1. For the stretch 1-57, what % of the accessible area comes from carbon and sulfur atoms, probe 1.4 Å?
2. Provide the gained length on full extension for the span ASP51 to ARG27, in nm with one decimal, where the gain is 0.36 nm per separating residue minus the Cα-Cα distance.
Amino acid sequence: MTGNARPWLTLAEAAERAHRDQRTIRRWAESGRVRDWVPAGIRLFNRDDVDQAIRSTRGQGRRKVSDVS
């Protein structure tokens, strides 16, 4: 983490940072891939974990339906 960056991101911030749908960020948290924290009813996601998840999925784009059949 650099500068004064916050260690926790909102769902919208995490999704935007990862260029993923918010449902994907929730799934990452539910699977333990990304730590989350719920202070005062607002779900936050660990920035470093989101960055690691981005790095580990880079180049693994979604498969097209035509690729599956």
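The values are calculated or read from the model by the stated rules, or taken from the named source; none is laboratory data. Here the structure is a predicted model, which is why all the values come from computation and not from measurement. When the accessible area is computed, the model is the full protein with side chains, heavy atoms only, and any ligands, DNA or RNA have been set aside. Shrake-Rupley method; radii C 1.70, N 1.55, O 1.52, S 1.80 Å.
1. The nonpolar share, carbon plus sulfur, comes to 49 percent.
2. Numbers: separation 24, 0.36 × 24 = 8.64 nm, distance 1.52 nm.
So the chain would gain 7.1 nm between ASP51 and ARG27.
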